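Below is one structure; the comments refer to it alone.
None of the figures in this text is laboratory data; all of them are computed from the coordinates on show. Fair warning: this is a prediction, and the values are worked out from it, not measured in the lab.
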């Protein structure tokens with residue numbers, strides 16, 4: 001798995017690329033990875049992290065103020 005991140009002035013984007021996959025990933029795996037990233041961000045920042053939206057493909061997006069936390 002490769003974690004893809006993109007930072008612009010308004011949003012921090014996180015996505016996953018399954019390097020050895022030949023089929024689409026199971027939805028339960030997508031849910032797990034989304035939950036894992038949100039939990040990691042919450043624990044790392046010490047505050048609530050609430051996504052603006054979730055896009056199943058290709059990425060999940062976090063609010064811009066959350067990107068300024070020291071864990072990034």
Extent along principal axes [Cα atoms of the stretch 11-51; Å; largest to smallest]: 37, 20, 15
Stretch gain in nm, segment residue 47-residue 9, where the contour uses 0.36 nm per residue and the Cα spacing is subtracted: 11.6 nm
